[in-house]
1. Name the lysines eligible as straight-distance cross-link partners of A:Lys3: C-alpha to C-alpha under 16 Å, and not fewer than 8 places from it in the same chain.
2. For A:Ile82 and A:Asp108, what does the FRET efficiency come to when R0 = 30 Å and r is the distance between their Cβ atoms, rounded to the nearest 0.05?
3. Quick one: in chain A, what % of C-alpha pairs are over 30 Å apart?
4. Separation between the A:Ala163 and A:Glu13 pseudo-spin-labels, each 7 Å from Cα along Cα→Cβ, expressed in nm?
5. With runs of 4+ DSSP H residues as the only contributors, calculate the mean residue ellipticity of chain A at 222 nm using -39,500 (n - 2.57) per run, divided by the residue total and rounded to the nearest 500.
6. Would you mind calculating the gained length between A:Ala2 and A:Asp176 on full extension (0.36 nm times residue separation, minus the Cα-Cα distance), in nm to one decimal?
7. With labels modelled as points extended 7 Å from the Cα through the Cβ direction, what inter-label distance (nm, one decimal) is found for A:Thr61 paired with A:Lys123?
8. Residue farthest toward the positive end of the dipole of segment A:6-190, with Cβ of Lys/Arg at +1 and Asp/Glu at -1: which of A:Gly149, A:Gly161, A:Leu110?
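Bear in mind these aren't lab numbers, they're just calculated from the coordinates by the rules spelled out. Note that the structure is predicted; figures quoted are calculated from it, not measured. A quick note on method: Cβ atoms are made from the backbone with ideal geometry, for glycine too, and the neighbour counts reach across all protein chains shown.
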Amino acid sequence: MAKLPYAFYQQLEVTQLAECLLGKKLCTLIDGKLTSGIVVETEAYRGPEDKASHAFGGRFTERTRVMYEPGGLSYVYLCYGIHSLFNVVTAPAGMPHAVLVRGLEPLDGLDLMLKRRNMSFLKPNLTAGPGALSKALGIDRQLNAKDLGGDEIWIEDVGIGYAANEIVAGPRIGVDYAGEDALLPWRYYVKGNSFVSKPHL
DNA sequence: AACATGATAAACT
DNA sequence: GTTTATCATGTTC
């Protein structure tokens, strides 16, 4: 396997990095069981200057602490009391940028993913949406602040690269509270892929 | 009190 | 079939 190098996570342009994550393979190894999928949808959160970011204005709390670490760690937090959302911490130390993974195309461990989701057959919403994919891969807050070069959760380059005309940028989802920042086109997804969380074209 | 969601049910076409 | 409403649930500030 070819795990992504730390240098990849530490580039400063978080929007560009979010776009580059499309086509990468996100894997978890939990209780000896491998599950994985290809990333088909991401959102960039630009730390201090982005109202939609948990670290807006340089906010530093117990929850956001990990976002200030050097890129290459996981950031998993609980949303609406129910869903674990998985982010990649990016940029050099002290810069709290992150990328939310919103959609995956299932690859390894399909049976286990179905079981975790209480589903009996594959349909797109198995891993379309940040809460859904986290549940399918067994991601919860146990996996917060993990090294993405480790052996519990990691990201591999499997040589998939989408052409520029297959990638669509649009406004982020569920961040209306962020005012004008909600309109920024920092959501990236693969055109026509059925594991993208929201509107299909 | 607010929150980076998902499942379901009910009311439409 | 599709859109719209409602709720579950718990941590953070």
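1. A:Lys24, A:Lys25, A:Lys146
2. On the way: r = 26 Å, r/R0 = 0.85.
In this case the efficiency is close to 0.70.
3. Details: 2508 of 20100 pairs.
Pairs farther apart than 30 Å: 12 percent.
4. 2.2 nm
5. It lands at -3000 deg cm²/dmol.
6. Numbers: separation 174, 0.36 × 174 = 62.64 nm, distance 3.73 nm.
Separation in residues times 0.36 nm, less the Cα-Cα distance, equals 58.9 nm.
7. 3.6 nm
8. Of the candidates, A:Leu110 comes out farthest on the positive side.
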